[in-house]
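See below for the structure under consideration.
The values are calculated or read from the model by the stated rules, or taken from the named source; none is laboratory data. Quick caveat: nothing in here was measured; it's all calculated off a predicted structure. Every residue, glycine as well, gets a Cβ built from its backbone with ideal geometry; the counts of neighbours run over all protein chains shown. Each accessible area value is taken on the protein alone, full model and side chains, heavy atoms only, with ligands, DNA and RNA left out. Shrake-Rupley method; radii C 1.70, N 1.55, O 1.52, S 1.80 Å.
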Amino acid sequence: MDHSGHGMTMDLPPFTLGRGLQYSPDYFFLTGCLLALAAYGYAVLRLRRRGDRWSPGRVVAFTIGVLTIALTMCTKLNDYGMVMFSVHMVQHMVMSMVSPILLLLGAPVTLALRALPVASRRGHKGPREVLLAVLHSGFVRVISHPAFTIPIFIASLYGLYFTPLFDFLMRSDAGHIAMMVYFLAVGLVFFWPIMGVDPGPHRPGYVMRMLELFAGMPFHAFFGIALMMASEPMVNAYRHPMASLGIDALSDQTAAGGIAWSFSEIPSVLVLIALVFQWYNSEQRESRRSDRAADRDGDKELVAYNAYLASLQTRGR
């Protein structure tokens with residue numbers, strides 16, 4: 001059976017990185033990636049035409065983020081991910097942790113708020129007002145709250161792989177696409193308030209963001225260890241790998257567990273470094289504002305003192 005929807009997987013040879021990176025598009029994700037790049041590029045051009053600047057670093061981050069999705073879903077990695085648990089776990093980690101972080105560093109919401117047109121008439125809502133209304137809606141407040149994002153992030157592991165849901169989704173193209181979209185969406189809502197690059201209904205302090213970041217990591221590590229220590233295959237979809245792959249199901253599952261355990265640490269450390277950097281810059285800006293305020297107050301005091309001396313001199317005369 002062809003699970004991928006864009007190429008037969010029954011004759012796949014043993015996996016190598018070279019084979020995995022061969023072009024093999026999933027047209028749903030290929031179309032989405034092209035539209036995302038086009039929309040982002042158009043918004044940046046719109047800003048520049050009216051004389052506004054946009055950070056090249058944000059453009060690079062967003063572009064690489066989209067490219068990681070294309071690399072994961074529009075190459076043979078996607079084909080091998082249908083029949084090898086270890087390759088699927090690479091897809092999962094990239095879609096839920098690497099791609100969301102890079103996309104959020106591109107600040108797409110901030111860009112949209114600056115580039116979208118406002119209402120042409122008072123009392124009407126333009127695209128920018130609609131986006132603002134969505135950002136302040138009750139729905140967005142709920143899905144961006146840590147009480148929602150942390151459990152849903154954990155559920156993307158235990159609630160998927162340790163229940164029949166994963167096997168059900170793997171039976172159809174639509175189910176597989178929905179699962180990958182879910183991984184991406186979970187990563188975006190989890191890292192959105194933590195990264196703090198785009199505006200949102202929740203903007204916790206830096207210490208709280210770090211706590212949120214590491215709240216789900218022990219569960220991530222335990223999930224990987226559980227797969228590595230299992231004495232039999234735990235996911236039916238990968239219980240009987242095709243002979244042409246030359247792999248053992250249990251060994252492949254152990255590799256998948258190792259990927260889930262170790263892969264999550266790297267993005268977390270990168271996000272932590274970014275948070276520390278943001279915190280430092282925030283403190284520096286606050287310090288400069290305080291210095292400017294103190295300078296202004298000092299100038300006022302000096303003017304008042306000079307006026308006082310001038311008044312004393314006048315009286316003396």
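Given the condition surrounded by 17 or more Cβ atoms within 10 Å (Cβ to Cβ), without any contact (Cβ under 8 Å) to a residue 60 or more places away in the chain and on the phi < 0 side of the Ramachandran plot, answer yes or no: does some residue in the range 192-215 qualify? Checked against the condition, which is being surrounded by 17 or more Cβ atoms within 10 Å (Cβ to Cβ), without any contact (Cβ under 8 Å) to a residue 60 or more places away in the chain and on the phi < 0 side of the Ramachandran plot, the range 192-215 yields at least one hit. Checked against (1) at pLDDT 90 or above; (2) within 22 Å of F15 (Cα to Cα), M229 meets all criteria but (2).
Restricting the search to the range 47-79, which residues are closer than 18 Å to T31 by Cα and among the hydroxyl-bearing types (S, T, Y)? Selection gives T63, T68, T72, T75. Scan the range 168-190 and give yes if some residue there is open to solvent by 20 Å² or more (accessible area, probe 1.4 Å), within 29 Å of D26 (Cβ to Cβ), assigned to a loop (DSSP other than H, G, I, E, B) and out of contact with any Lys or Arg (no Cβ under 8 Å at 6 or more places or on another chain), otherwise no. Within the range 168-190, one or more residues are open to solvent by 20 Å² or more (accessible area, probe 1.4 Å), within 29 Å of D26 (Cβ to Cβ), assigned to a loop (DSSP other than H, G, I, E, B) and out of contact with any Lys or Arg (no Cβ under 8 Å at 6 or more places or on another chain). Residue count for the range 234-250 satisfying the condition of being within 29 Å of I150 (Cβ to Cβ), open to solvent by less than 30 Å² (accessible area, probe 1.4 Å) and over 27 Å from the mean Cα position of the chain (by Cα): 1. Is one or more of the residues making up the range 23-38 open to solvent by 60 Å² or more (accessible area, probe 1.4 Å), more than 19 Å from the chain's Cα centre (by Cα) and touching a residue at least 60 places away in the same chain (Cβ under 8 Å)? Yes, the conditions are met somewhere in the range 23-38.
The C-beta contact set for the range 84-108 (first residue over 18 Å from W192 (Cα atoms) and open to solvent by less than 10 Å² (accessible area, probe 1.4 Å), second residue β-branched (V, I, T) and assigned to a helix (DSSP H, G or I), distance under 6 angstrom, 6+ apart or interchain) comprises M89/I259; Q91/T72. Listed by first and then second residue, the pairs linking a residue in the range 251-263 that is of a type in the set (S, T, Y) to a residue that is open to solvent by 50 Å² or more (accessible area, probe 1.4 Å), with Cβ atoms under 6 Å apart and 6 or more places separating them unless they lie on different chains, are T254/M228.
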